[in-house]
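Scroll down for the structure; my scribbles are underneath it.
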Amino acid sequence: MGPNTLGVGLNWNRPSESTFGQKLRDQYVSEIFYKFKLTHHTELTPSVQLVANPALNMNTDFTSVFGLRFRAFL
């Protein structure tokens, strides 16, 4: 089995005016995740994303997204 992995991601997004219209805010996302190698063929990855200025939700300045991914492979 290989080692577990800690990761951090940063993202900046400018919504498309032709798709979503004008006057949408730029959106910023930060993510942290940790990949657990459970067995030779399975991984579990919990993550947390913090979204600043959610482009499609003008009623709030911050929101969060919690994720859990399971991966099985041969």
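Overview of results
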item: Accessible area of the chain divided out per residue, in Å², using a probe of 1.4 angstrom; result: 77
item: Correct choice for Cα Rg over 2.2 N^0.38 Å that was computed from the model, options (1) 0.96; (2) 1.45; (3) 1.14; result: (2)
item: Gaussian network model of the chain, springs between alpha carbon atoms under 10 Å - residue of PHE33, PHE20, PHE62 with greatest fluctuation; result: PHE20
item: Sum of -39500 (n - 2.57) over DSSP H runs of 4+, divided by residues of the chain (222 nm, nearest 500); result: -1000 deg cm²/dmol
item: Environment charge of VAL51, counting only residues whose C-beta is closer than 15 Å and scoring Lys/Arg +1, Asp/Glu -1; result: -1
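The values are calculated or read from the model by the stated rules, or taken from the named source; none is laboratory data. The structure displayed is predicted, hence computed values, not measured ones. FYI the Cβ positions are ideal-geometry reconstructions off the backbone, even for glycines, and counts take in every protein chain you see. What goes into the accessible areas is simple: the full protein's heavy atoms, side chains included, and nothing from ligands, DNA or RNA. Shrake-Rupley method; radii C 1.70, N 1.55, O 1.52, S 1.80 Å.
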